[in-house]
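Colleague: For reference, the structure I am asking about is given below.
The values are calculated or read from the model by the stated rules, or taken from the named source; none is laboratory data. Small disclaimer: the values here were computed from a predicted structure and weren't measured. Cβ coordinates were reconstructed from backbone atoms using ideal geometry, including for glycine residues, and neighbour counts include every protein chain displayed.
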Amino acid sequence: MKTERFSEKRRRCRYLAAYAVLLVLFAVLFMWNINAGSVDISVREICGILFSGSGDEMQSDIICQIRLPRITAAAVLGGALALAGFLLQTFFRNPIAGPFVLGISSGAEMAVAATMVFLLKWGLPSSSWIMILAAFAGALLSMGFVLILSGRIGRSSMLIVCGVMVGYICSAITDFFVTFAEDSDIVNLYNWSMGSFSGIDWENTAVMSAVVGVASAAVFFCAKPISAYQMGESYAKSVGVDVRRFRMVLVLLSSILAASVAAFAGPVAFVGIAVPHITRWLLDTSKPLIVIPACFLCGSVFCLFCDLVARTLFAPTEMRISTVTAIFGAPIVILVMVKKRRRDEIS
């Protein structure tokens, strides 16, 4: 009994320590992102602008209209990608499943590119909601192909290959739209297709925060059935989970989260695969009730760090956000694949 209590106490301490580390990293990176840029603004001046409204007008505009919306977008969309990856890994029971690898993000980007070309060509007004709806439709289309393939292919490795092929097809169609768009439209399409958190305003941020917030809350409230589903479909059915309906909920939520990222930031790779594994390693548990909030926070930290590197490492030249996320995320995916291979060999 004493041993069990001690073990439980150790687990709780680990959870608290992991959350504390993530919160500290988030605070440090948030302030660092505000401070970093072509215009040097001290921490004291930043605090004055944020908390008392004092300070230079130009500096205030830089922080409030340029840097803060971008930082907020990186935090919100990073968390969304991480949760989407967590849901897809749960759904397919595959450690390297993710919205980018399975082609879901590429499908959302294809739909957004087609919508942007259509609206720009005919001079029609666009809005954040239109982009999200288009991305959601594209994500569901890609997810539908993946689900059809998953029903016919038993091996998870082949499923990943098929997902990658679906992603390549969608990316090729997106490139087609970008290539043959009118000259006046190419700049907007090209910048978006490169993947970046820049150019996002408060209107975009408000819409993405609302959509991602509702979807993330729904994911958290699904923690109990997710936990049962992790034990197997038979066990989930035995405790009263409607598995068919629950799988549909997982598809919809992961598509909404992935679509939100594609609509505003374009392609962002490896976050959805790598972050859930980082989170589980930090917490040393797979309990959804503990992992889900930490996964969102870890995704925010990861994207804040990668965005900081992307815009400051070779300033004034800005790197693609997917380039940086791939540099830090790909090695984690490789380690996961190596460990999975070893487990398969042992079993």
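Colleague: Taking GLY266 and the conditions (1) at pLDDT below 90; (2) under 14 Å from the mean Cα position of the chain (by Cα); (3) surrounded by fewer than 24 Cβ atoms within 10 Å (Cβ to Cβ), which numbered condition does it fall short on, given that it satisfies the others?
Modeller: In the conditions (1) at pLDDT below 90; (2) under 14 Å from the mean Cα position of the chain (by Cα); (3) surrounded by fewer than 24 Cβ atoms within 10 Å (Cβ to Cβ), GLY266 misses (3) alone.
Results for (1) closer than 25 Å to VAL214 by Cα; (2) surrounded by fewer than 16 Cβ atoms within 10 Å (Cβ to Cβ); (3) aliphatic (A, V, I, L, M), shown as yes or no for each residue.
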residue	(1), (2), (3)
LEU83	yes, no, yes
LEU87	yes, no, yes
ASN94	no, no, no
VAL101	yes, no, yes
SER105	yes, no, no
PHE118	no, yes, no
TRP122	no, yes, no
LEU140	yes, no, yes
VAL161	no, yes, yes
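Colleague: Further, regarding this structure: Exactly one of these conditions fails for MET194: (1) at pLDDT 90 or above; (2) under 30 Å from VAL309 (Cα atoms); (3) among the aliphatic types (A, V, I, L, M). Give me its number.
Modeller: (1)
Quick grid of which residues meet (1) touching a residue at least 12 places away in the same chain (Cβ under 8 Å); (2) closer than 29 Å to SER128 by Cβ; (3) of a type in the set (A, V, I, L, M):
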residue: ASN35; (1), (2), (3): no, yes, no
residue: GLY55; (1), (2), (3): no, no, no
residue: ALA73; (1), (2), (3): yes, yes, yes
residue: GLN89; (1), (2), (3): yes, yes, no
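Colleague: Which residues, taken from region 91-106, are under 23 Å from ALA263 (Cβ atoms), of a type outside the set (A, V, I, L, M) and either in a helix (DSSP H, G or I) or without any contact (Cβ under 8 Å) to a residue 12 or more places away in the chain (or both)? Spell out how you get there, then give the answer.
Modeller: Step one: of region 91-106, the residues under 23 Å from ALA263 (Cβ atoms) are 91, 97-106.
Checking the rest, the ones that are also of a type outside the set (A, V, I, L, M) come to 91, 98-100, 103, 105-106.
Listed by number, the residues that qualify are PHE91, SER105, SER106.
Here's the yes/no breakdown for (1) touching a helix residue (DSSP H, G or I) at 6+ places or on another chain (Cβ under 9 Å); (2) among the aliphatic types (A, V, I, L, M):
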position: GLN89; (1), (2): yes, no
position: ARG93; (1), (2): yes, no
position: VAL101; (1), (2): yes, yes
position: ALA108; (1), (2): yes, yes
position: PHE118; (1), (2): no, no
position: PRO125; (1), (2): yes, no
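Colleague: Any chance region 73-85 includes a residue that's assigned to a helix (DSSP H, G or I), under 25 Å from ASP307 (Cα atoms) and in contact with an Asp or Glu (Cβ under 8 Å, 6 or more places away or on another chain)? Outline the logic, then answer.
Modeller: First, pick out the residues of region 73-85 that are assigned to a helix (DSSP H, G or I): 73-85.
Next, from what is left, pick out any that are under 25 Å from ASP307 (Cα atoms): 73-85.
Remaining after also requiring in contact with an Asp or Glu (Cβ under 8 Å, 6 or more places away or on another chain): 74.
Within region 73-85 (the criterion being assigned to a helix (DSSP H, G or I), under 25 Å from ASP307 (Cα atoms) and in contact with an Asp or Glu (Cβ under 8 Å, 6 or more places away or on another chain)), the answer is yes, since at least one residue qualifies.
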